[in-house]
Amino acid sequence: MSEEMNTPQEVVTTHEVHHDEHHVHHHKETFITKYIFSQDHKTIGKQFLITGIIWAIIGGLFSVLFRLQLGYPDQHFPILETFFGHWAKGGQIQPEFYYALITMHGTVLVFFVLTAGLSGTFANLLIPLQIGARDMAAPLLNMLSYWFFFMASVVMVSSLFISTGPAAGGWTVYPPLSALGQASEGSKLGMDLWIVSMALFVVSSLLGGLNYISTILNMRTKGMSMTRLPLTIWALFFTAILGVLSFPVLLSGLILLLFDRNLGTSFYLSDIVVNGQVLPNEGGSAILFQHLFWFLGHPEVYIIILPAMGIASEILSVNSRKPIFGYMAMVGSLFAITVLAFLVWAHHMFVTGLNPFLGSIFVLLTLLIAVPSAIKVFNWLTTLWRGNIRFFPSTLFAIGFVSLFISGGLTGIFLGNSTIDIHLHDTMFIVAHFHIVMGVAGMFGMFAGIYHWFPKMFGRYLNSTLGYIHFWVTMIGAYLIFWPMHYEGLAGMPRRYLDKSSWVSFSQFADLDRMITIVSILVFAVQLMFVFNFFYSIFKGRKVTSQNPWGSNTLEWTTPIRPGHGNWEGEIPEVHRWAYDYGKDGREFIPQVEPIGANESTH
Amino acid sequence: MCLDGPALSGIRGRPYNSLFMQTIFIIAILGLGFLITFQIAKASEYVAVLRGEEKARKQSNKVNAFMLLAFLVVGLIGVYYCNERLKGKILGPSASVQGVLIDRMLYITIALTGIVFLITQICLFWFSYKYQESDKRKPYYYPHNNKLEMIWTVIPAIALTVLVGFGLFYWFKITGDAPKDAMIVEVTGKQFGWEFRYPGKDGILGKKYFKYIDPAKNNPLGQIWDDPANHDDVWMEQEMHLVVNRPVKLIIGSKDVIHDVGLAHFRMKMDAVPGTPTTMWFTPRFTTKQMIKKTGNPKFVYELSCDQMCGKGHTGMRGVVVVQTQDEFDAWMMDKKPQYYVANPDKDPYAPKPDSVKTVAAIIK
């Protein structure tokens, strides 16, 4: 134990030296080094967040466009033709455009918003602040991590403007569709740009992830043992491990795809006659790509949901004025989820012709992941139980997160069971499931975090009335959009269909699709309102006047209201207890920096 | 966005303009609504500051706590209402023997997860309401309880074991070997349609090689004509005929990209992968005619949908499955000419004769 305590102290000492260097820098800071090529983790976090918000608007707008098509397949919207020309001929979204939209919606939301925007923002902002470090282990790499993400964004945006359009083979880009330009417009230049963009994104994610891991392991302040870390940090730690171990596999899969596309190799191609043209490729396996893709793809959903879990845990505990229930079980279940995340990927492939015996192993491991998930839910419920709950917008989003995680998690038990998956695979049921459990729940975690840490980021508050409207419309809207969608899936309606009216089996849901479209437009409008609130409040929001506005225990609230580069003006505070002493011994909260009192009760 | 349908069938001058105006109008209303909301929100912030922030916060705390409870109650009613509205639209009972097992597994899962859903959601929103901030309450310092945590590790584990047990029992039944007497049909997906091949009298599908594919030479699947097993294979497009109560094994492939043979009524699905054949088997329970009666829909047909995104024509990649009695099937199959004779008319012993169909039929009988 004493060894464990010593290590961080030593590191702190070495970092103190660094800090002096920073001080020298501090005085020569220009606009460019302060706001653009900044190495301050807080600024980098804000850069990730704002880039993520811009991407979320783009990705969300895409969904509104294709929802218009889904809700009103026979209607003409001339305004679409005004903006998109031949992609929306006659004011109707053309199939190529529709598939480009859903592909970009998925790619943007999964990677650029819910990975970079979520863990990029909060890992950067919170890790040094909550563990008591002046900055990341490698601030330069950290800055590069953002700029690689920025370059990935530029490449992806540029693919939207080329004449053949962006990638259009679904966000999973399964070959041969994504490998053959003859098979789809979107598989021409747009697909190469998609791969390049994702390669840059993987580099960004690795630079960030390695930094997060080494910072958490090496740079904790004195007294901050691993078991005293707030759950946000544990969650971000496991997220980074997931990313570091799985993103390279995606990259390798994509490089092979790039070879198949441009160099005539046959990793994924075999026995193909496309558009009347017989291709020479033989011996490749299209399924190999799916294994490589989902080896990232599945951990990816946990990369999205773990930070949201950490944020929700922290916020629920702070605002219930009660310790998080079962801290060690929470850490343990995060760990279990991380390990299992690597062992379940083939549950996305039950109907690809996978050996049924192999499938059965993946069923077992997949349903096993429900156990740690259940533990987490019960622990959140117990955290609320007998608390004294303050409903800030952040609290509401955290509660909404738990509700959505339950709803979407339970439908995962349907899909993880291969027998049911035969029927539900690739139907709207899947769309409903993952939007609730990872899409909306991930966004809720992100919103909760933004509302909670906005005062730390900008020294001002978000307008809370707009916050409450934002929460309630989004919460009600999310359930209205995605709950009834399960029924479409139960009827076997395939996903990625743009017009069901010619089908006998799937045309019975036209009213429902219309309702979903109207609600999505409303929900999207309210998100724009949030964005407005965000930018308005950066400059005009109510000023934060107290150092610790939420009465929170964690270290970030011991820094000045507007901390400079280096975070603490004097020495980094020492930590004496875990982060969750709320309501202990009749005291509302006891910050981590307060030494254990002589008469304090032990638990 | 509720625009008037029939008036818009073309892109003509007037409706086009009025539509444009309508869109602008809607955007303007949204913008105005937003401005008003923002002004109210701003004002309420000032009022809160004037009246005392703490007091205003406690007020909004009560409102939100009540809203959470209301959300639970209305939400649960909504779940019930949604089910009432939509349960009749999910295709009715399975049309295959194997699908019955899948449906049963589905209902077991719905029952079990439904209970968990109710308990946890009710706890979540009820606790939120009940334990809203109050000056009278001191929060209960309750960091952990090993016994409780053990209980909610073990109970889900048991419940999931039950689900895995049932699931795998059915899974192996469904994915196990097809019965020996199963009919064989080869299904091939392409952008954007379906092709079918029946093995003919010998019950064997002849060999094929993708480089021989040439629709111009009447060889759409690349059959190798040297293989005698190919000589009686029958090829057709878009429509597959099956026999009721007779197991059928589909041998599935694709010519270009990945497709998926989706049979929603039979609860069956399998990817069509170029270069890697896959299989699936099932036993239809009802003929198409029986389903017309059961559904009361004279236009009812079993549909074959492509369930794996395959390009711009994905949505229209529709096939039709006709389930018949054995006699009806035999009668239908009788006049189908093997593709070998279509591709090689010189080999067709009956080609020159005008009454060839009858003769072939006689031979088959």
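Readers should treat all values here as calculations from the given coordinates under stated rules, not as data from a laboratory. These numbers were taken from a predicted model, which means no experiment stands behind them. All Cβ positions, even for glycine, are placed from backbone atoms using ideal geometry, and neighbour counts span all protein chains on display.
Among A:Gly85, A:Ala448, A:Ile361, flag the residue with its Cα farthest along the positive direction of the charge dipole of the range A:2-589, charges on Cβ as +1 for Lys/Arg and -1 for Asp/Glu. Result: A:Ala448, furthest along the dipole toward the positive end.
The slack between B:Lys62 and B:Ile24, meaning 0.36 nm per residue of separation minus the straight C-alpha distance, is 9.8 nm. Structural descriptor for chain B: relative contact order 14 percent, calculated from alpha carbon pairs under 8 angstrom and at least 6 residues apart. Annotation for B:Leu50 and A:Ile162: the two label points, set 7 Å from Cα along the Cα-Cβ direction, are 5.9 nm apart. Each of B:Met183, B:Met280 was scored by other Cβ atoms within 10 Å of its Cβ. Arranged with the fewest first, they read B:Met183, B:Met280.
Sorted fewest first by neighbouring Cβ atoms within 10 angstrom, B:Asp202, A:Asp513, A:Asp426 come out as B:Asp202, A:Asp513, A:Asp426.
Once both labels are positioned 7 Å from their Cα atoms along Cα-to-Cβ, the gap between B:Tyr81 and A:Asn275 label points is 5.0 nm. Here the range A:498-551 and the range A:104-182 have alpha carbon centers that stand 22 Å from each other. Placing +1 on the Cβ of every Lys and Arg and -1 on the Cβ of every Asp and Glu, with no other charges, gives the protein assembly as shown a dipole of roughly 2420 debye about its Cα centre.
Looking at the range B:106-261, the DSSP beta bridges with both ends there are about 60 percent antiparallel.
Computed from Cα positions, the angle between helix A:464-482 and the longest principal axis of chain A comes to roughly 40 degrees. Between A:Ala138 and A:Gln547, the FRET efficiency estimated from the beta carbon spacing at R0 = 25 angstrom works out to 0.30. When every alpha-carbon pair in the range B:35-101 is counted, what percent end up more than 13 Å apart? Across the range B:35-101, Cα pairs with separations above 13 Å total 78 percent. Full extension of the chain between A:Arg562 and A:Leu61 gives 177.0 nm of extra length, using 0.36 nm per residue less the Cα-Cα distance. Checking the cross-link pairs A:Lys188/B:Lys217; B:Lys207/B:Lys312; A:Lys89/A:Lys188; A:Lys500/B:Lys87 against a 23 Å limit on the alpha carbon distance flags A:Lys188/B:Lys217; B:Lys207/B:Lys312 as lying beyond it. Residue exposure proxy: B:Thr120, A:Thr227, ordered by other Cβ atoms within 10 angstrom of their Cβ from fewest to most, comes out as A:Thr227, B:Thr120. With both labels modelled 7 Å from their Cα along Cα-to-Cβ, the A:Ile54 to B:Ile155 distance reads 5.0 nm. Within the listed set B:Ile224, B:Ile151, B:Ile252, the Gaussian network model of chain B (springs between alpha-carbon atoms below 10 Å) gives the highest mean-square fluctuation for B:Ile151. DSSP beta bridges fully contained in chain B are about 70 percent antiparallel. For the protein assembly as shown, adding -39500 (n - 2.57) for each run of n ≥ 4 DSSP H residues and dividing by the number of residues yields -19000 deg cm²/dmol at 222 nm.
Computed from Cα positions, the angle between helix A:231-262 and the longest principal axis of chain A comes to roughly 30 degrees. Shown in residue order for the range B:114-124 are the 3J(HN,Hα) couplings computed by the Karplus curve 6.51 cos²θ - 1.76 cosθ + 1.60 at θ = phi - 60°: x, 4, 4, 4, 4, 4, 6, 5, 4, 4, 4 Hz (x for Gly and Pro). Mean silhouette area of chain A, derived from the convex hull of its C-alpha atoms and averaged over all directions, reads 28.3 nm². For B:Asn218, what is the net charge nearby, where nearby means another residue's Cβ is under 13 Å from its Cβ and Lys, Arg count +1, Asp, Glu -1? Once positives and negatives cancel, what remains is -3.
Entry note, the range A:2-589: relative contact order of 17 percent, from Cα contacts under 8 Å with a spacing of 6+ residues. Once the Cα atoms are used to define both axes, helix B:53-86 deviates from the longest principal axis of chain B by about 30 degrees.
Extension gain, B:Asn245-B:Leu32: 0.36 nm per intervening residue step, less the Cα-Cα distance, totals 70.4 nm.
Take the Cβ atoms of B:Asp202 and B:Thr325, set R0 to 30 Å, and the FRET efficiency comes out at 0.80. Straight-line cross-link reach from B:Lys62 at under 30 Å between alpha-carbon atoms covers these lysines, not counting any fewer than eight positions away in the same chain: A:Lys322, A:Lys376, A:Lys456, A:Lys540, A:Lys543, A:Lys584, B:Lys42, B:Lys130, B:Lys136, B:Lys138.
Summing +1 for each Lys or Arg and -1 for each Asp or Glu, what net charge is found among the other residues whose Cβ lies under 14 Å from the Cβ of B:Val301? Spelling it out: positives minus negatives among the neighbours equals +3. Distance from the C-alpha centroid of the range B:174-201 to that of the range A:572-593: 67 Å, rounded to the whole angstrom.
Taking the DSSP bridge list for the protein assembly as shown and keeping only pairs wholly inside it, about 75 percent are antiparallel. Between the alpha-carbon centres of the range A:34-48 and the range B:100-114 there is a gap of 50 Å. Please return the longest range in chain A lying between exposed loop sites, taking GluC sites (Glu not before Pro), DSSP loop only, at most 12 other beta-carbon atoms within 10 Å, and leaving the sites out. With a cap of 12 other Cβ atoms within 10 Å, the longest stretch comes to A:1-568. Measuring nothing but how far apart in sequence close Cα pairs (under 8 Å, 6+ apart) lie, relative to its length, the range B:173-312 scores a relative contact order of 24 percent.
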